[in-house]
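Any read-out appearing in this document is the output of simple, stated calculations on the displayed coordinates, not a laboratory observation. If you're wondering where the values come from, they're calculated on a predicted model, not measured in any experiment. Reconstructed Cβ throughout: ideal geometry from the backbone, glycine too, with neighbour counts over all protein chains shown.
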Amino acid sequence: MLKIKDLKVLYEDNHLIAVNKPAGWLVQGDDTGDTPLSEYVKAYVKKKYNKPGEVFIGVIHRLDRPVSGVVIFARTSKGLSRMNALFRDQKMKKEYLAITKERPKPMEGTLQHYLLKDPVKNRTRAYDRLGNRTKHAKLSKLTYRLVGEIDGHCLLNINPLTGRPHQIRVQLATMGCPIKGDFKYGFQSSNHDGSIFLHCRSMSFMHPIKQEPIKITAKLPKDFFWNQFKHVINE
């Protein structure tokens, strides 16, 4: 059973709160009925500030359940609408780290695909171009570079330029570099805890109310494979 004390709060003010999401936590409720991260954040705010009644927490964006890292919530409706605009207008700089077994070729570059999600199977497919059967696919772009390689594992730094469902996972897999543990997208085995080695390392943006630059950074999960690369990113 998760507890409020398990939350790793990275940033908070009157309008926003950011936490380091562990792999395995839902951001928002789904048909599993599991308590989502948003509810734990509500409970944290209610307890810390001794707020009576219902606490407002707005979900701005999501990370897939097996992914860890920075998640930002809104504490006010004003914060929610303005942060939604930042994401919509692609004014949010996102940095991810991923571990793969395969070395990318070339070692850095830009990936561009058209992604189409099957909501029934909760799976996304990547296409090089639009066609009659893929006319509803969304253009998706990211940049990547190899930043470390240890004992047959590669650490990639990834900057998604769009925000599509499963984007990094499917685009890296299409390149021939599935993320370690991501059985859904081509890695040969799952991790024992259902996680995958994809971490939202940081988010940088102009605070929509304070109008000052903000960078929120989340430490890597405590895991043998992540620990191998801590010196690479100076953590």
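Points worth noting:
- For the pair residue 39 and residue 139 in one chain, pulling the backbone fully straight at 0.36 nm per residue adds 32.8 nm over the alpha carbon distance.
- Candidates 14, 132, 84: whichever shows maximal mean-square fluctuation once the chain is modelled as a Gaussian network with Cα springs under 10 Å: 132
- Size descriptors for the range 1-124: radius of gyration and Dmax over Cα atoms are 16.8, 55 Å.
- 37 °C / 0.692 mPa s Stokes-Einstein diffusion coefficient of the chain, Kirkwood radius on C-alpha pairs, µm²/s: 176
- Checking every one of the trypsin sites (Lys or Arg not before Pro) in the range 101-203 against DSSP loop status and a limit of 10 other Cβ atoms within 10 Å picks out 121, 129, 135.
- Distance distribution note for the range 158-212: the fraction of Cα pairs above 17 angstrom is 48%.
- Across the range 116-209, the mean sequence separation of Cα contacts (distance under 8 Å, 6 or more residues apart), normalised by length, yields a relative contact order of 17 percent.
- Restricting the range 1-89 to GluC sites (Glu not before Pro) in coil, as DSSP defines it, with at most 10 other Cβ within 10 Å: 54
- Distance in nm between pseudo-label sites at residue 5 and residue 54 (7 Å out along the Cβ direction from Cα): 3.1
- A Förster distance of 30 Å, applied to the separation of the beta-carbon atoms of residue 230 and residue 105, puts the FRET efficiency at 0.70.
- In the range 4-228, the DSSP beta bridges split such that about 95 percent are antiparallel, to the nearest 5.
- Membrane-span-like helices in the chain, defined here as complete DSSP H runs extending at least 15 Å along the helix axis by their C-alpha atoms with mean Kyte-Doolittle hydropathy no lower than -0.5, are 77-88; this is a sequence and geometry rule, not a statement about a membrane.
- Simple spin-label estimate for residue 89 and residue 121 in nanometres, 7 Å along Cα-Cβ: 3.8
- Part-to-part distance (alpha-carbon centres) for the range 69-104 and the range 192-235, which is given in Å: 11
- Fluctuation leader among 165, 221, 119 - the chain, Gaussian network, Cα springs under 10 angstrom: 119
- Counting only residues at least eight positions apart within a chain, or on another chain, the aspartates and glutamates with an alpha carbon under 20 Å from that of residue 138 are 64, 89, 118, 128.
- Extended-chain gain in nm, criterion 0.36 nm per residue less alpha-carbon gap, residue 209 and residue 78: 46.3 nm
- Coordinate range along principal axes, alpha carbons of the range 128-235, Å, largest first: 47, 45, 25
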